[in-house]
Amino acid sequence: MSESYRVLIADALPDEGLAPLKADDRFELEVKTGLKGDDLAQAIEGMDAVIVRSATRISRDALKRADRLKVIGRAGVGVDNIDVQAATERGVAVLNAPAGNTISAAELAFAHILSLVRKIPAADRSMKSGEWDRKSFTGNELYGKTLGLVGAGRIGGEVARRARAFGMRIVAFDPFLTSEKAAELEIELGTLEDVLGRSDIISLHVPLTDRTRRMIGDEQLALMKPGAFLVNAARGGVVDERALARALESGHLAGAGLDVFEEEPLPADSPLRQMKRLVMTPHVGAQTEEAQQNVAVEIGYAVRDALVEGDFTRAVNAPAIGGEEMRRLRPLLELAERLGRLGAALVEGPVAAVEARYAGEGPEEALRPILSSALVGLLGRAVGREGINRVNALHVASTRGIELSRSRLGPQRDYGEYVEMRLTVAGGERRVAGALLSEAHPRIVRIDEYPVTVLPTGTLVVLRNHDVPGVIGRVGSLLGESGINIAEYYQARLEEGGQALAAIRVDGALADEVVAALRRLRDVVHVTQVELD
């Protein structure tokens, strides 16, 4: 019987957005809009996913009864109405729909630009009051002017394309934009100060984060050209509104356009409502028929793929590997999780640091889900398997003070896909590694300094012993007398007569008394048992 999923639709969505879920008989949809407080928390109880737009707030309190919740879907870009931290702590992926409203948002930003340079809103008001005042509305051409973009991602890139059609020069500040992509968009990259100082119009296209909050304040506005224009159709809070009001009142800026505000809805008594050279719209960047349909369809597919395929490509708080790449990586992620379980059994005392190392054909982005998967295995015993998954594994590790790192290795001579975990503990470092000989043939290939080759399934007994005759026989006899069948027995040593390691896969877990008996055998130094499944 295939798994079924319950999804709460908490805000109104067009039918097209629900189509990906309605077409799959594994999904049961419940539409309950306008919920708040305990009513919302109660509705979320028993749900595998909840989908919202901007009206419903998913707070920490709203999640207090989220016993099955795996996914929160936001039909739009911003997730300001979702407590992402609280969701992450619960292992709930927060998905958004970043592409659906790209064109609509870019067109609105450009509409603000045109409205400002040609004074269209003021001219409209004048005409409707019965005037015919041409002299007051002399504007500026965009041709030959410089547009400065703060953020040149999807939306900023679309604004740049439209600006080029008007004959504008484009400069941008974006630490994440490669020089190759900038050349493709015909954008000149610069520092924030350089872009602010050179541009006739500044258009903001950055998310609201701790780093970008009020990034445009008095100091930055003073760097802009006298008579320049500022447009913010990105996120409220990126601009210090009091500083902007001062720059407009002093005449330093010729005008500004805002679609987003620090407080939304904008209070009726906000001083911004009285400013003459300020053009405002009520956060309508995505308010087109096309955008609303696009983001709804996008989040519908995203929620379906996350629940069914484990595809978190659109998650803002989970390893962003999805689609075909996730399917290809799944055997490697399962191997990493089992290596984490093995590592947890081998270490004594708290883990101070974990390093994930990977060699293979996967992208650089694969390292994050590999590390997350290994942490699921490593910490599952400590926090309970129900309390950790790939979404919250990094958070859980950080709350325990574990230092995390990941690195890409060069090709491994014997393995195409290789993953290694290095665990730092008070007594030193423990190391476990695995490899995919093929998609269907994963193997544990290293335990500490010892090379081994054993399937990462079932019960594994890791035994250290002195490299002397008779140990293998005594271990085999004891297990046989205890009714334990040996599936695999791999013995490794680094030098003759030194210490050896045995990786023994057995059919069924050993009773405590059997483990104790193994430890009492002559020349056995240490015995560890771990359930890998």
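The values are calculated or read from the model by the stated rules, or taken from the named source; none is laboratory data. These figures come from a predicted structure and were not determined experimentally. When we count neighbours, we look across all protein chains shown, and the Cβ atoms used for this are built from the backbone with ideal geometry, even at glycine. When the accessible area is computed, the model is the full protein with side chains, heavy atoms only, and any ligands, DNA or RNA have been set aside. Shrake-Rupley method; radii C 1.70, N 1.55, O 1.52, S 1.80 Å.
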(message) Within region 45-54, take every residue that is over 12 Å from ILE82 (Cβ atoms) and of a type outside the set (D, E, K, R) and give me the one that is surrounded by the fewest Cβ atoms within 10 Å (Cβ to Cβ).
(response) GLY46
(message) Can you tell me which residue is modelled with the lowest pLDDT among those in region 91-140 that are part of a helix (DSSP H, G or I) and among the β-branched types (Val, Ile, Thr)?
(response) THR102
(message) Considering only residues that are touching a residue at least 40 places away in the same chain (Cβ under 8 Å) and more than 19 Å from TYR143 (Cβ to Cβ), which ones fall in region 158-183?
(response) GLU158
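Okay, residues lined up against (1) more than 26 Å from VAL351 (Cβ to Cβ); (2) small (Gly, Ala, Ser); (3) open to solvent by less than 10 Å² (accessible area, probe 1.4 Å):
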site: ARG443; (1), (2), (3): no, no, no
site: VAL454; (1), (2), (3): no, no, yes
site: GLY483; (1), (2), (3): yes, yes, no
site: GLU496; (1), (2), (3): yes, no, no
site: ASP533; (1), (2), (3): no, no, no
(request) Scan region 425-434 for residues that are farther than 21 Å from ARG493 by Cβ and either modelled with pLDDT of 95 or more or hydrophobic (A, V, I, L, M, F, W, C) (or both) and report the count. (result) 2
(message) Among (1) at pLDDT 95 or above; (2) open to solvent by 40 Å² or more (accessible area, probe 1.4 Å), there is one condition LEU437 misses while meeting the rest; what is its number?
(response) (1)
(request) Any chance you could count how many residues in region 174-199 are within 20 Å of GLU219 (Cβ to Cβ) and modelled with pLDDT of 95 or more? (result) 10
(request) Residue by residue through region 211-244, note down the ones that are open to solvent by 10 Å² or more (accessible area, probe 1.4 Å) and β-branched (Val, Ile, Thr). (result) THR212
(message) Name the residue that is farthest from LEU108 (Cα to Cα), counting only residues in region 131-178 that are in contact with a Ser or Thr (Cβ under 7 Å, 6 or more places away or on another chain) and among the charged types (D, E, K, R).
(response) ASP133
(request) Just give me the residues in region 113-151 being over 20 Å from ARG164 (Cβ atoms), surrounded by 12 or more Cβ atoms within 10 Å (Cβ to Cβ) and of a type in the set (A, V, I, L, M, F, W, C), in sequence order. (result) ILE120, ALA122, ALA123, MET127, PHE137
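For every residue, the table says whether it meets (1) without any contact (Cβ under 8 Å) to a residue 12 or more places away in the chain; (2) within 21 Å of PHE312 (Cβ to Cβ); (3) surrounded by fewer than 16 Cβ atoms within 10 Å (Cβ to Cβ).
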| position | (1), (2), (3) |
| --- | --- |
| LEU329 | no, yes, no |
| LEU333 | no, yes, no |
| GLY343 | no, no, no |
| LEU346 | no, no, no |
| VAL354 | no, yes, no |
| ALA359 | no, no, no |
| PRO363 | no, yes, yes |
| ALA366 | no, yes, no |
| LEU371 | no, yes, no |
(request) Name the one entry in GLY148, GLY197 that is assigned to a strand (DSSP E or B) and within 23 Å of ALA247 (Cβ to Cβ). (result) GLY148
(message) When you check GLN220 against the structure, is it among the polar types (S, T, N, Q), more than 24 Å from LEU142 (Cβ to Cβ) and not in a loop (DSSP other than H, G, I, E, B), yes or no?
(response) no
(message) Here is a check on your reading of the model: is ILE472 in contact with a helix residue (DSSP H, G or I) (Cβ under 9 Å, 6 or more places away or on another chain) and either open to solvent by 30 Å² or more (accessible area, probe 1.4 Å) or assigned to a loop (DSSP other than H, G, I, E, B) (or both)?
(response) no
(request) Determine the pairs where a residue that is within 23 Å of VAL297 (Cβ to Cβ) and touching a residue at least 24 places away in the same chain (Cβ under 8 Å), located within region 22-45, has a partner that is surrounded by fewer than 12 Cβ atoms within 10 Å (Cβ to Cβ) and among the charged types (D, E, K, R) with Cβ atoms under 8 Å apart, the partner being 6 or more residues away or on another chain. (result) ARG26/GLU3
(request) Identify the residue in region 517-530 that is open to solvent by 30 Å² or more (accessible area, probe 1.4 Å) and touching a strand residue (DSSP E or B) at 6+ places or on another chain (Cβ under 6 Å) and, among all such residues, is nearest to ASP507 (Cα to Cα). (result) GLN529
(message) Which count do you get for residues in region 281-308 that are open to solvent by 60 Å² or more (accessible area, probe 1.4 Å) and either without any contact (Cβ under 8 Å) to a residue 24 or more places away in the chain or part of a helix (DSSP H, G or I) (or both)?
(response) 7
(request) Would you mind finding the one in LEU342, LEU409, LEU367, LEU404 that is under 26 Å from LEU463 (Cα atoms) and at pLDDT 85 or above? (result) LEU342
(message) Return the pair list, or none, for Cβ contacts closer than 6 Å from residues in region 140-151 that are more than 13 Å from PHE173 (Cα to Cα) to residues that are open to solvent by 10 Å² or more (accessible area, probe 1.4 Å) and basic (Lys, Arg), at least 6 apart or on different chains.
(response) THR146/ARG169; THR146/ARG198
(request) Count, please, the residues in region 10-41 that happen to be assigned to a helix (DSSP H, G or I) and loosely packed, with under 14 Cβ neighbours inside 10 Å. (result) 6
(request) Just need a number here: residues in region 395-427 that are buried (at least 19 other Cβ atoms within 10 Å of the Cβ) and either under 21 Å from TYR358 (Cα atoms) or in contact with a strand residue (DSSP E or B) (Cβ under 6 Å, 6 or more places away or on another chain) (or both). (result) 8
(request) State which residue is nearest to the chain's Cα centre (by Cα) when the search covers only region 64-83 and only residues that are more than 20 Å from ARG390 (Cα to Cα) and open to solvent by 50 Å² or more (accessible area, probe 1.4 Å). (result) ASP80
